[in-house]
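The values are calculated or read from the model by the stated rules, or taken from the named source; none is laboratory data. All of these numbers come straight from a predicted model, not from anything done at the bench. Reconstructed Cβ throughout: ideal geometry from the backbone, glycine too, with neighbour counts over all protein chains shown.
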Amino acid sequence: MRRQMLWIAFLAVAATTAASAETINAAGATFPAPIYQKWFENFHKAHSDVQINYQSIGSGGGIRQLTEATVDFGASDMPMTDEQLAKVTKFKVLHFPTVLGGIVPTYNVPGAADLKFSGATLSGIYLGNIKKWNDPALVKDNPGVKLPNEDITVVHRSDGSGTSFVFTDYLSKVSPEWKMKVGANTSVNWPVGLGGKGNEGVAGLVKQTPNSIGYVELIYAVQTKMEYGSMKNLAGNFVKADFNTVSEAAAGAAKEMPADFRVSITNAPGKNAYPISSFTWMLIPDKIDNATKKKSIKDFLAWMLTTGQQDAEGMSYAPLPKSVVAKEQKQLALIK
Amino acid sequence: MGTVVATAPPQSRPRKLTAFWRDGDKISHLVTFIFAASVFLVTVFLVYELWIHSGLSRAKFGFSFLTGTTWDPNTDQFGALPFIYGTVLTSFIALVISVPLGVGAAIFLSELAPPKLSNACTFLVELLAAVPSVILGLLAIFTLVPLMRQYIEPFLKHTLGDLPLFQGPAYGVGYLTAGLILAIMTFPFIISISREALLAVPREQREAALALGATKWESTWQVVVPFARLGILGSIFIALARALGETMAVTMVIGNDTGIHTSLLSPGYTIAAMIANNFTEATGDIFLSSLVELGLVLFALTMVLNAGAQLLIIATTRKGSRQD
């Protein structure tokens, strides 16, 4: 009898807590997951009636779950394609850029530091056309650096990832040969190289293999204090990735930003714009039937674009440039 | 049985029920039947799901999926051969290493070692069998891969470099390293189960052999091991199943290259590694469907190899009984 009473009490408590906080479910990209978790936690502190659960199941999974309407909103490291958007019938999907990330080339060349790469050399290496470190093209970009006469071991991501998408998107823009033979996607048919799983897998292989090159997220390189190279941008300057140069790439691309924010900002114009940069997006339905949820999601987005942005740098993400924030605030009105 | 209870007169219900409960035969029969059937149902359901969700890919590629060698998500061309090859090759390398090692160790532990040492070793072996594969994968990345790249692979190239099996650059990751880590993962199973099988051999068998003038080794190798061969073979099949399906540790050390290479030093790919790497971020229906079909292929591969193993058991058992 007493046990029964306990059960009833337990269920009653569970029921009331569930009712008092509106739970919003979201799923998607893993790259921004740390800052999203922090945002949702901070937002919950300020608005105790809103609880957002985020599952970092990957961009592809986020898009799928949003399409099937099993989550309230999704998140992705790449904009949805026209084909993907056409499959969403119940509502239209609005893209809200949240923060920015950069992808950096990392290498292990004994005796060489502060290497510089251009779109031509990087695509040449990943196509297998540039095979040796002392290739004339690399030597030309790195005056004064002693490059060894050794084979280049190429390392790429083996798992499908937004990182690979941004990297191959950049290579497609700077190299017609890459665009024709390989193209841009979360995972592609790599012409050469070893595959490492995750940033840590690529970093591990590069660290251990002399004369190797790989690519990782800027955040990962900063947090693990890895050495990484500079990239030649559209303006012809060699730029090292940091929060400022990545934000500048977004500002450079913002001028010609399409109204739906589905834009690649790789190889963006701007004197100091870092060329392998990308937005990451929240994918929000434009029609939310539940009025409380609609208000909560709109409140959160408005908060994320202002107060939330201040958390970015502390967590090694590049914040959105002001011009982009202003455009997104206008888009908020489209959620009905 | 429900109807029996329902139609019984009310006053006699308690007595009948207790009788029914006491006479546990029917109940135990039913319960265990349901449990046994659940294994079958889960398997059928699994195949059904894999079959349904791989429909797109099966319709597009047909049997050429099994022979295709291109895996390109951008042009929607998917072929499974490099992954089938990698899966079979790495499992084969693993068994070549772990079977002699495991069976030899089991013979020592059950027949020759003093009981105290045997028990201590068995405890360690069971501990090793319980190490999660991701831990072994990490260990492999940080210790096995550098060892392979700096010492073992250059040595193999130096001594056996004329064979096509040991050519190409020494990356440290590849089929051989993956096979090695699989061998490390599977040999505790072989030791543990083979040892149990050897210990289960009746004492009389050994005594009879010794009484006939056999040496200790002769009695072990010619009497005890053949007697326990079913258990030993069983342990090898479990090891094979684990090697075929192993994911994390393999993907961390195999190099994840979608080509087919004869050299064991080359990077390659396995079916399980491909699915694990790409399932979360797979965009496009054909891509996803092809990954599911890869799962179906792995299932079929496991079935075929297991069936082959069963046939092997039947063949060797017949041979054994004729000798007896």
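The table below gives the values:
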read-out: A:Leu205 vs. criteria facing chain B (nearest Cβ under 10 Å) and hydrophobic (A, V, I, L, M, F, W, C); value: yes
read-out: Some residue of region B:291-307 being at pLDDT below 85, in a helix (DSSP H, G or I) and away from chain A (no Cβ under 14 Å); value: yes
read-out: Selection status of A:Asp77, surrounded by 19 or more Cβ atoms within 10 Å (Cβ to Cβ), within 16 Å of the chain's Cα centre (by Cα) and among the acidic types (Asp, Glu); value: yes
read-out: Subset of region A:268-288 [closer than 17 Å to A:Ser230 by Cα and not aromatic (Phe, Trp, Tyr)]; value: A:Ala268, A:Pro269, A:Gly270, A:Lys271, A:Asn272, A:Ala273, A:Pro275, A:Ile276, A:Ser277, A:Ser278
read-out: Pairs, first without any contact (Cβ under 8 Å) to a residue 24 or more places away in the chain in region A:291-306, second buried (at least 16 other Cβ atoms within 10 Å of the Cβ), C-beta under 8 Å, six or more apart; value: A:Thr306/A:Val325
read-out: Any hit, region B:173-181, residues being buried (at least 20 other Cβ atoms within 10 Å of the Cβ) and out of contact with any Leu (no Cβ under 7 Å at 6 or more places or on another chain); value: yes
read-out: Top-ranked residue of region B:271-290 - restricted to ones that are assigned to a loop (DSSP other than H, G, I, E, B) and in contact (Cβ under 8 Å) with a residue 60 or more places away in the chain, ranked as farthest from A:Ala75 (Cα to Cα); value: B:Gly284
read-out: Residue within region A:174-184 that is under 30 Å from B:Gly284 (Cα atoms), of a type in the set (Ser, Thr, Tyr) and at pLDDT 90 or above present; value: yes
read-out: Residue list for region B:58-73, filter: within 14 Å of another protein chain (Cβ to nearest Cβ) and surrounded by fewer than 18 Cβ atoms within 10 Å (Cβ to Cβ); value: B:Gly68, B:Thr69, B:Thr70
read-out: B:Leu30 under 19 Å from the mean Cα position of the chain (by Cα), more than 30 Å from B:His261 (Cα to Cα), away from every other protein chain (no Cβ under 14 Å) and modelled with pLDDT under 95; value: no
read-out: Qualifying residue in region A:169-182 (condition: closer than 21 Å to A:Tyr107 by Cα and in a strand (DSSP E or B)); value: no
read-out: Filter result for A:Pro191 (within 14 Å of chain B (Cβ to nearest Cβ) and either at pLDDT below 90 or part of a loop (DSSP other than H, G, I, E, B) (or both)); value: yes
read-out: Tally, over region B:198-220, of residues that are surrounded by 15 or more Cβ atoms within 10 Å (Cβ to Cβ) and either in a helix (DSSP H, G or I) or not β-branched (Val, Ile, Thr) (or both); value: 8
read-out: Residue in region A:149-157 that is of a type outside the set (Val, Ile, Thr), over 25 Å from B:Pro267 (Cα atoms) and away from every other protein chain (no Cβ under 14 Å) present; value: no
read-out: Residue in region B:191-214 that is among the small types (Gly, Ala, Ser), touching a residue at least 24 places away in the same chain (Cβ under 8 Å) and more than 19 Å from B:Ala105 (Cβ to Cβ) present; value: no
read-out: Boolean, A:Gly195 is small (Gly, Ala, Ser), crowded, with 23+ Cβ neighbours inside 10 Å and touching a strand residue (DSSP E or B) at 6+ places or on another chain (Cβ under 9 Å); value: yes
read-out: Any chance A:Gly160 is free of Cβ contacts under 8 Å to residues at least 24 places away in the same chain and assigned to a loop (DSSP other than H, G, I, E, B); value: no
read-out: Selected residue (criterion: farthest from the other protein chains (Cβ to nearest Cβ)) from residues of region B:258-290 that are under 18 Å from A:Leu205 (Cα atoms) and surrounded by 24 or more Cβ atoms within 10 Å (Cβ to Cβ); value: B:Leu265
read-out: Only one of A:Lys240, A:Lys179 that is surrounded by fewer than 24 Cβ atoms within 10 Å (Cβ to Cβ), without any contact (Cβ under 8 Å) to a residue 60 or more places away in the chain and touching a strand residue (DSSP E or B) at 6+ places or on another chain (Cβ under 6 Å); value: A:Lys240
read-out: Yes/no for A:Lys179 being of a type in the set (D, E, K, R) and over 24 Å from B:Thr177 (Cα atoms); value: yes
read-out: One residue from B:Glu111, B:Glu126 being surrounded by fewer than 16 Cβ atoms within 10 Å (Cβ to Cβ) and either part of a helix (DSSP H, G or I) or among the aliphatic types (A, V, I, L, M) (or both); value: B:Glu126
read-out: Options A:Lys225, A:Lys298, A:Lys271: the member that is among the charged types (D, E, K, R) and assigned to a helix (DSSP H, G or I); value: A:Lys298
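Here is a yes/no grid of residues against (1) of a type in the set (A, V, I, L, M); (2) within 14 Å of chain A (Cβ to nearest Cβ); (3) not in a helix (DSSP H, G or I):
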{"position": "B:Thr90", "(1), (2), (3)": "no, no, no"}
{"position": "B:Ile97", "(1), (2), (3)": "yes, no, no"}
{"position": "B:Asn119", "(1), (2), (3)": "no, no, no"}
{"position": "B:Gly137", "(1), (2), (3)": "no, yes, no"}
{"position": "B:Thr143", "(1), (2), (3)": "no, yes, no"}
{"position": "B:Gln150", "(1), (2), (3)": "no, yes, no"}
{"position": "B:His158", "(1), (2), (3)": "no, no, no"}
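Yes/no per residue for (1) farther than 30 Å from B:Ser289 by Cβ; (2) modelled with pLDDT of 90 or more; (3) surrounded by fewer than 10 Cβ atoms within 10 Å (Cβ to Cβ); (4) touching a Pro at 6+ places or on another chain (Cβ under 6 Å):
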{"position": "B:Val5", "(1), (2), (3), (4)": "yes, no, no, no"}
{"position": "B:Ala8", "(1), (2), (3), (4)": "yes, no, no, no"}
{"position": "B:Leu17", "(1), (2), (3), (4)": "yes, no, no, no"}
{"position": "B:Phe20", "(1), (2), (3), (4)": "yes, no, no, no"}
{"position": "B:Phe35", "(1), (2), (3), (4)": "yes, yes, yes, no"}
{"position": "B:Phe45", "(1), (2), (3), (4)": "no, yes, no, no"}
{"position": "B:Tyr48", "(1), (2), (3), (4)": "no, yes, no, no"}
{"position": "B:His53", "(1), (2), (3), (4)": "no, yes, no, no"}
{"position": "B:Leu56", "(1), (2), (3), (4)": "no, yes, no, no"}
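For (1) assigned to a loop (DSSP other than H, G, I, E, B); (2) away from chain B (no Cβ under 12 Å); (3) over 21 Å from the mean Cα position of the chain (by Cα), each residue gets a yes or a no:
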| position | (1), (2), (3) |
| --- | --- |
| A:Ser164 | no, no, no |
| A:Phe167 | no, yes, no |
| A:Gly195 | no, no, no |
| A:Pro210 | yes, no, yes |
| A:Gly214 | no, yes, no |
